[in-house]
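Asker: So that we are looking at the same thing, I have put the structure below in structure tokens.
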Amino acid sequence: MKTTAESIINEFAIENGFSDVGICSAEDFEDLRQSLTNTEDTLLGFVEKDIEKRISPRLTMPNAKSIIVVAKGYSKNVLVQSDGKLRGYISIGAIGEDYHIFMKRKLSELERLLITEFNAECMSFADTGPLVDRAVAIRSGIGYKGKNGNVITKNGGSAVFFGYIITNLHLKFSEKSNFHCSNCNKCINACPTGAIGVGEFNIEKCISYLTQQKRLLTRDEMKLIGLNLYGCDVCQITCKNNQKPLEDVTVLDDIMPLIEDILNMTNSTFKKRFGATAMGWRGATVIKRNALAVLGNIGTEESIILLGKYLKNENALLRHTAVRALMNTGLNSGQALLKSCYQYEENKAIKDEIFNCIRR
């Protein structure tokens, strides 16, 4: 019996631990045009700039016929207990090897199989390609869009990473999912910022989105972050489809590192510790900014001391964030620190903000 491309794809997915796999057409995603236009500015820096490339697979591969989609589950049990020290939270999806690296490696292996057996043309992507990963996943039949904005897959729930291969092979397309999100509304009720609503998702309120921004955050945005250094898992943890953890997280420093350790890192030490993880791409400065915001939300005298050390930092973004974090603590000792640093602050925007705060 002749081996088919579809059988090779399915066997590969099973052997390599993918929770779900599907195949769909490479026709244009024209139905996305309006939503992509509406979010063009919001997602700048996160996605392909050219909307046409996001819509048409054939602008990436002119003779594209099919798209192979795989999902890798990352659901984990968090079994750590806080030790009372100043710590911030890292999303479970950013623990361990960067999924971009893992997914690209595995997709390259699948590509080689298809090229060897069928002389296929293939191009693989893992959250780095021009297409909208979630739209491709839904068309492939491996899942449906949940109320939390994520694709809920049959086997991996919504706690999955996607990868896809555009190919010139004529493949048999998978059946579309007939499932839909239930009316449990757990993610809506649990979202700490109100980013998830009935029939809508406000990405600008999403903690995961905010922690990945490179700019100076407003004081309100800093408050929304809570204790999160990178990402947020609330809607994932509460979703009833994600109650099958693949492994346990027991090392406290992995998921809740010490804030002081983060702030003391150089670019090289950050890269050494986090460079191979999913949050490594954002770099030390963004994570340090988030750490300062977290200290402002903790609002203890111990956090005031750490924030005070950053009032003379050479990086204006971090210095400004420290100022706003001190304001967010609401403590008199924070006000005193702001008054003391006003005289030597040279950045006009920061100096004006300090002045407006201390004169009240």
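The values are calculated or read from the model by the stated rules, or taken from the named source; none is laboratory data. In this text the structure is predicted, and so the values were computed from the model without any measurement. Backbone-built Cβ (ideal geometry, glycine too); neighbour counts: all protein chains shown.
Asker: Please specify each residue of segment 52-98 satisfying the condition of being touching a Leu at 6+ places or on another chain (Cβ under 9 Å) and among the β-branched types (Val, Ile, Thr).
Answerer: Scanning segment 52-98 gives Ile55, Thr60, Ile67, Ile68, Val70, Val80, Ile90.
Asker: Search segment 126-178 for residues being of a type in the set (Gly, Ala, Ser) and not assigned by TED's automatic domain parsing to the domain that holds Pro62, and hand back the single one that is nearest to Met61 (Cα to Cα).
Answerer: For segment 126-178, the residue satisfying everything is Ser174.
Asker: In a helix (DSSP H, G or I), more than 30 Å from Gly96 (Cβ to Cβ) and either touching a residue at least 60 places away in the same chain (Cβ under 8 Å) or charged (D, E, K, R) (or both), is that true of Lys339?
Answerer: yes
Asker: Name the pairs whose Cβ atoms lie under 6 Å apart, with the first residue in segment 317-336 and over 18 Å from Lys348 (Cα atoms), the second in a loop (DSSP other than H, G, I, E, B), and 6 or more positions between them or separate chains?
Answerer: So the pair list comes out as Thr329/Gly299.
Asker: From Lys172, Lys145, which residue is under 23 Å from Lys53 (Cβ atoms) and of a type in the set (Lys, Arg)?
Answerer: The conditions single out Lys145.
Asker: Please go through segment 225-241 and pick out each residue that is more than 16 Å from the chain's Cα centre (by Cα) and either free of Cβ contacts under 8 Å to residues at least 40 places away in the same chain or crowded, with 20+ Cβ neighbours inside 10 Å (or both).
Answerer: Cys239, Asn241
Asker: So for segment 251-270 (the condition being among the hydroxyl-bearing types (Ser, Thr, Tyr) and within 26 Å of Asp20 (Cα to Cα)), does at least one residue qualify? Before you say what the answer is, go through the steps one by one.
Answerer: Quick first cut of segment 251-270, residues among the hydroxyl-bearing types (Ser, Thr, Tyr) only: 266, 268-269.
So of that shortlist, the ones also within 26 Å of Asp20 (Cα to Cα) come out as none.
No, segment 251-270 has no match at all.
Asker: Still on this model: Consider segment 301-316. How many of its residues are within 19 Å of Thr266 (Cβ to Cβ) and either crowded, with 20+ Cβ neighbours inside 10 Å or not assigned by TED's automatic domain parsing to the domain that holds Thr266 (or both)?
Answerer: Matching residues across segment 301-316 total 2.
Asker: Which one is surrounded by the fewest Cβ atoms within 10 Å (Cβ to Cβ) among residues in segment 248-270 that are touching a residue at least 24 places away in the same chain (Cβ under 8 Å) and within 17 Å of Leu311 (Cα to Cα)?
Answerer: Kept after step one, since they are touching a residue at least 24 places away in the same chain (Cβ under 8 Å), are these residues of segment 248-270: 248-252, 254-260, 262-263.
So of that shortlist, the ones also within 17 Å of Leu311 (Cα to Cα) come out as 259-260, 262-263.
Numbers: Ile259: 25, Glu260: 18, Ile262: 23, Leu263: 21.
Restricting to residues being touching a residue at least 24 places away in the same chain (Cβ under 8 Å) and within 17 Å of Leu311 (Cα to Cα), the top hit is Glu260.
Residue by residue, here is whether (1) surrounded by fewer than 17 Cβ atoms within 10 Å (Cβ to Cβ); (2) farther than 26 Å from Leu32 by Cβ; (3) at pLDDT below 90; (4) among the charged types (D, E, K, R) holds:
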site	(1), (2), (3), (4)
Glu111	no, no, no, yes
Asn119	yes, yes, no, no
Leu131	no, no, no, no
Leu171	no, no, no, no
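Asker: Right, something else. Would you please name the residue that is nearest to His100 (Cα to Cα), looking only at residues in segment 189-213 that are β-branched (Val, Ile, Thr) and either surrounded by 17 or more Cβ atoms within 10 Å (Cβ to Cβ) or without any contact (Cβ under 8 Å) to a residue 40 or more places away in the chain (or both)? Let's see the steps before the verdict.
Answerer: Step one: list which residues in segment 189-213 are β-branched (Val, Ile, Thr), which gives 193, 196, 198, 203, 207, 211.
With the extra rule that they be either surrounded by 17 or more Cβ atoms within 10 Å (Cβ to Cβ) or without any contact (Cβ under 8 Å) to a residue 40 or more places away in the chain (or both), the set shrinks to 193, 196, 207, 211.
Values: Thr193: 28, Ile196: 26, Ile207: 21, Thr211: 19 Å.
Applying the filter and picking the extreme gives Thr211.
Asker: Among the candidates Gly73, Gly17, Gly22, single out the residue that is touching a residue at least 24 places away in the same chain (Cβ under 8 Å) and either on the phi > 0 side of the Ramachandran plot or surrounded by fewer than 16 Cβ atoms within 10 Å (Cβ to Cβ) (or both).
Answerer: Result of the check over Gly73, Gly17, Gly22: Gly17.
Asker: Can you name the helices (runs of 4 or more DSSP H) wholly within segment 168-256 that have at least 3 residues being farther than 22 Å from Asp41 by Cα and out of contact with any His (no Cβ under 9 Å at 6 or more places or on another chain)?
Answerer: Values: elements: 186-190, 207-212, 219-225, 234-238, 252-255.
Filter on segment 168-256 gives 186-190, 234-238, 252-255.
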